[in-house]
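Colleague: After the structure tokens below, expect a handful of questions from me.
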Amino acid sequence: MNVVITGANRGLGLGFVQHYLANGWQVWACYRSECEALMKLDSEALHLVEWDVSQDQDPCGLLPDTIDLLINNAGIYGSTKGGQSLDLIAPDDMLEVFNVNCVGPLRVVKYLKDRLIAAQGVIANVSSKMGSSSDNSSGGTYAYRASKAALVIVSKSMAVDFQAYGVRVITLHPGWVSTDMTHHSGLIDIETSVAGMTQVIEHVEDYELGQFIAFDGAVVPY
Ligand SMILES: NC(=O)c1ccc[n+]([C@@H]2O[C@H](COP(=O)([O-])OP(=O)(O)OC[C@H]3O[C@@H](n4cnc5c(N)ncnc54)[C@H](OP(=O)(O)O)[C@@H]3O)[C@@H](O)[C@H]2O)c1
């Protein structure tokens, strides 16, 4: 089985890589610029691909002809100044975060769609509960919240559009996880989050089309 993972050099992406290698998959681990941790894994089933999802670049020559699973994991939080408050959020910051977190997964899917259709594969888009309108009681965080909310909608459209081709699409919330993004302040570790999300992916058929699902299997209202 072939899996392609973006943002795979650290954090949750690296956790996904380790999970699928341990389960005997061929893993295409995509990284933006730095791949030291991936190189340490030293596995014949691991294929490294430099891919910055914020750019229009076609890495298809380095990827497999059929893709059973694509995990759109790469993401950024954006500025941490003042919790991205209304006064401090800059339009350029917002556009950069939107480009990586929402346009990035769309770009990746546009490049890989024929290979996903060939395998009747699964697309897992890693969003965040921060993108849930129902869950937003504290405001602020304009760039991150908006980009992840937009990804939920993009992911749902993908789910509808791919249905006829036998490709399933799911949107994931990893939980609040100890990674660089949360300055290691999360409530759960990477292993717990990845173990949960990979279970959700494995049981994608049990969920409604394009549902937004947390690592523990709970439906995230948005
Ligand atoms: N941690 C949490 O609690 C949490 C909660 C909800 C959702 N999420 C989501 O889960 C995903 C992974 O987060 P994480 O916690 O593992 O964050 P992380 O530790 O900051 O890792 C982010 C990963 O994304 C990569 N990336 C960033 N911009 C990229 C680009 N333009 N092209 C390709 N790769 C890029 C980073 O690569 P570089 O090393 O090159 O920067 C890194 O590998 C993100 O989408 C995040 O929004 C995380």
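Colleague: Mind telling me which of the residues M94, M130 ends up being free of Cβ contacts under 8 Å to residues at least 60 places away in the same chain and near the ligand (Cβ under 9 Å from one of its atoms)?
Modeller: Numbers: M94 fails: near the ligand (Cβ under 9 Å from one of its atoms).
Selected residue: M130, the only one of M94, M130 that is free of Cβ contacts under 8 Å to residues at least 60 places away in the same chain and near the ligand (Cβ under 9 Å from one of its atoms).
Colleague: Within the range 174-217, can you find the residues that are closer than 25 Å to Q120 by Cα and among the hydrophobic types (A, V, I, L, M, F, W, C)?
Modeller: V194, A195, M197, V200, I201, V204, L209, F212, I213, A214, F215
Colleague: I'd like to verify a number: residues in the range 12-35 that are more than 10 Å from the ligand (Cβ to nearest atom) and assigned to a helix (DSSP H, G or I), how many?
Modeller: Quick first cut of the range 12-35, residues more than 10 Å from the ligand (Cβ to nearest atom) only: 17-28.
Next cut, assigned to a helix (DSSP H, G or I) only: 17-22.
Matching residues across the range 12-35 total 6.
Colleague: Of the residues that sit in the range 154-208 and are away from the ligand (no atom under 14 Å from the Cβ) and among the small types (G, A, S), which one is surrounded by the most Cβ atoms within 10 Å (Cβ to Cβ)?
Modeller: So the residue we want is A159.
Colleague: OK, next. Considering each residue of the range 133-148, count those that are assigned to a helix (DSSP H, G or I), of a type outside the set (S, T, N, Q) and within 12 Å of the ligand (Cβ to nearest atom), and give that number. Before the answer, list the steps.
Modeller: As a first pass, look at the range 133-148 and keep what is assigned to a helix (DSSP H, G or I): 142-148.
Keeping just the survivors that are of a type outside the set (S, T, N, Q) gives 142-146, 148.
Retained after the next criterion (residues that are within 12 Å of the ligand (Cβ to nearest atom)): 143-145, 148.
Residues that pass the stated criteria total 4.
Colleague: Go through the range 50-91 and give me each residue that's free of Cβ contacts under 8 Å to residues at least 24 places away in the same chain, over 21 Å from T179 (Cα atoms), within 14 Å of the ligand (Cβ to nearest atom) and in a loop (DSSP other than H, G, I, E, B).
Modeller: Across the range 50-91, the qualifying residues are Q55, Q57.
Colleague: Within the set of pairs 6+ apart or on separate chains, which have a first residue in the range 176-189 that is of a type in the set (F, W, Y), a second that is near the ligand (Cβ under 6 Å from one of its atoms) and part of a loop (DSSP other than H, G, I, E, B), and C-beta atoms under 8 Å apart?
Modeller: Pairs that qualify, where the first residue is of a type in the set (F, W, Y) and the partner is near the ligand (Cβ under 6 Å from one of its atoms) and part of a loop (DSSP other than H, G, I, E, B), are W176/T182; W176/G186.
Colleague: Have a look at G210, G140, G186, G131 and point out the one that is under 18 Å from L106 (Cβ atoms) and at pLDDT below 95.
Modeller: Details: G140 fails: under 18 Å from L106 (Cβ atoms); G186 fails: under 18 Å from L106 (Cβ atoms); G131 fails: at pLDDT below 95.
From the options G210, G140, G186, G131, the qualifying one is G210.
The values are calculated or read from the model by the stated rules, or taken from the named source; none is laboratory data. These numbers were taken from a predicted model, which means no experiment stands behind them. All Cβ positions, even for glycine, are placed from backbone atoms using ideal geometry, and neighbour counts span all protein chains on display.
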